[in-house]
Structure formats: structure tokens, C-alpha cells
Amino acid sequence: MSEDVPQPDRAIDWWWTGSGLLLVLAPGAALATEWGAIRASHPAYTILLLVTAGGGGLLIWRGFRRKPRGGTLGRVLVRGVIVLLAIVLGGLAWVLRPLPATDLALRALGSGPDVESTQSSTRIEMRPVADANPTSLIFYPGGLVDPRAYANILRPIAAAGYAVTIVKPPFGFAILAQGAAADLAAPGDVVAGHSLGGVAAAIAAGDSDVFGGLVLWGAYPASSIADRSQLAVTSIYGSEDILTTPEEIAASRTDLPPSTVFVEVTGAVHSQFGDYGGQPGGGSPTITAERAQEQIVAATLALLDEVSGSASP
């Protein structure tokens, strides 16, 4: 006569526990690898990471040593949904990491004798210490780029007398903060943006009459603003840019006012419009970042001078 083997009354449910581990490890890895850039960006992403990790902790707690249950269809479906959600949220927690600013950009954030720099959870402000022009520049970063990565290239504009505000968009996507520029702007201000940030800047300029100018850095509008004849527009692009190609810039001419000025930076690529290191698929530059950025700054200042009325005759 065989003896009955006692069955455990609890066991680890790996469907729940494994999903929970994914939701904890993905935010943990994101924070460990890009903590500085995450902390300096809009808090929405940090909140997402904390909520994701907290949900993962609850799943681990629920799955650890649960009473064994049969695999009914309902339970299988619930487990499948939990695993799918864990993969989606864990994936978002990882892929939304910002491209971090380089040391060069971080050094440019400090205040000095010519520029006063301050930060909040939603923007970076760089203001001239003296002789401030009434026209300001409001800038949208490229998609998933650390907003601080534009401090070095925008600081000379502030030093030239134009206050600069860099918007920190939620989750690194300027489209989610397209109304911020109009909220921050005074009549006659200029809105600008790089890449996806340029798309958001064009939307802001098309939706509001408050702006006197628009500057696109390696970007083009998502829809036509050609009827905004009173809007001064400059489109600056790199000849070696693969993410926003010269052909795409040429095709955007019909979507911009006829008076738009197009400035090609020969040899420049997408990532040279900021300081965040190389960018996969962005092209191979034949010009140094310093020389490229000198031309980008000069073209941007030319539009600001035009809008502010201080351009040389």
C-alpha cells in the first residue's frame, strides 16, 4: 500500500513573480544607466519608472508562495494579460531612456558673467545678465534627447542678448508639450526645435499668432504653415543628415512660407545640432561639431535679429 505524498499548500507562481521581476528590473536598469539624464528631464518619466517598479513589487508579492491552482482558461488568460502588460511596461521603461548630454553641454549649464542659468522640473532658462533683448527664444529638444544637451549650442544665443528657454517635454517627446511654448511666449518671441522638437515648434507657430519667428533645426513641419506669411522662418539642416535628409527638407518648401530662409550646414549630421554623442543612423559628419554649431548659431541669431528689428541694414 503506497503512502500519499503530502502536497505543499503554497508554491511560487512564476507567471506573476516573473512578470513582477521584469517590471522591477527594467526601471532599475534604466535608473542605474541614465540616472543623471532622467533626474534632469521632465518628471513624468521618473514617475512612470517608480509606478512600474511598484507594480512589479506587488506582482512579486502576489506570486510568491501562492496556493497552487488549476490552469483553467480564465486563469490562463489572466496570466497572459499580466505577462503582456509586463513586457509592454518594462519595454517602455527601458526604451524611453533619454540620450544623455555630454560633459561639454553640462559645463555650459552653469551661470557666468554673461549668462544666468536656472533649471526647474519643466524647463531650463538661460538669460543674459545685461542688455537683454525683448525677443526671447523658446526651444524644443529632439525626441528622447536630454534637454541639457542643447545648453552649449544655445548659450551663445543667450550671451548675445536673447533669453533662451529649453522646454523639458514629458517622456522626451516635444509633441506632448506643444502648448508649452505658447504659454511661455510673449508677443514676437521665436520658437525653435530640433528634429521632433522642430515638428512641435512648427505646430506651435502655426496654431498661435504670438510668435514672430520659427527656427527649424534638422526638422520640417508635419502640415503646411505656408499661409503664415508674417512669420519669419529659417530652416537649418545638415548635408550629411540621414534622419532628416536634404531631400526631405527640399520637399518641405511648399509647407513653409515663401520667404523661408534655408541654410545648409555642409558636412553636418543630425546629432551635431546638440551635444549628446553619436546617434545610430544619423549619418557620418565631415565637419567638426564646433564648426557646425557655429553656423547653426549664426543662422539662428540672424533670424532673431530680424524678428527683434535689430538686424544690421
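Per-residue answers, yes or no, for (1) surrounded by 23 or more Cβ atoms within 10 Å (Cβ to Cβ); (2) over 27 Å from residue 103 (Cβ atoms); (3) of a type in the set (A, V, I, L, M, F, W, C):
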site	(1), (2), (3)
211	yes, yes, yes
216	yes, yes, yes
255	no, yes, no
267	no, no, no
Report the residue count in the stretch 254-289 for those that are within 26 Å of residue 135 (Cβ to Cβ) and not small (Gly, Ala, Ser). 13
Can you find even one residue in the stretch 273-285 that is part of a helix (DSSP H, G or I), among the small types (Gly, Ala, Ser) and modelled with pLDDT of 95 or more? no
Look through 296, 287 and report the one residue that is within 22 Å of residue 103 (Cα to Cα) and under 24 Å from the mean Cα position of the chain (by Cα). 296
Considering residues that are β-branched (Val, Ile, Thr) and farther than 28 Å from residue 278 by Cβ, the number found within the stretch 132-183 is 1
Would you mind telling me which numbered condition in (1) assigned to a loop (DSSP other than H, G, I, E, B); (2) more than 29 Å from residue 182 (Cα to Cα); (3) of a type in the set (S, T, N, Q) residue 52 fails? (1)
Looking only at residues in the stretch 228-262 that are of a type in the set (D, E, K, R) and in contact with a Gly (Cβ under 7 Å, 6 or more places away or on another chain), which one is farthest from residue 214 (Cα to Cα)? 240
Where a residue in the stretch 260-288 is among the polar types (S, T, N, Q) and its partner, wherever it lies, is assigned to a strand (DSSP E or B), with Cβ under 8 Å and at least six apart: 260/233; 260/234; 260/235; 272/238; 272/265; 279/99
I need the full set of residues from the stretch 164-184 which are surrounded by fewer than 21 Cβ atoms within 10 Å (Cβ to Cβ) and farther than 20 Å from residue 99 by Cα, in order please. 179, 182, 183, 184
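The values are calculated or read from the model by the stated rules, or taken from the named source; none is laboratory data. In this text the structure is predicted, and so the values were computed from the model without any measurement. Note: ideal-geometry Cβ built from the backbone for every residue, glycine included; neighbour counts use all protein chains shown.
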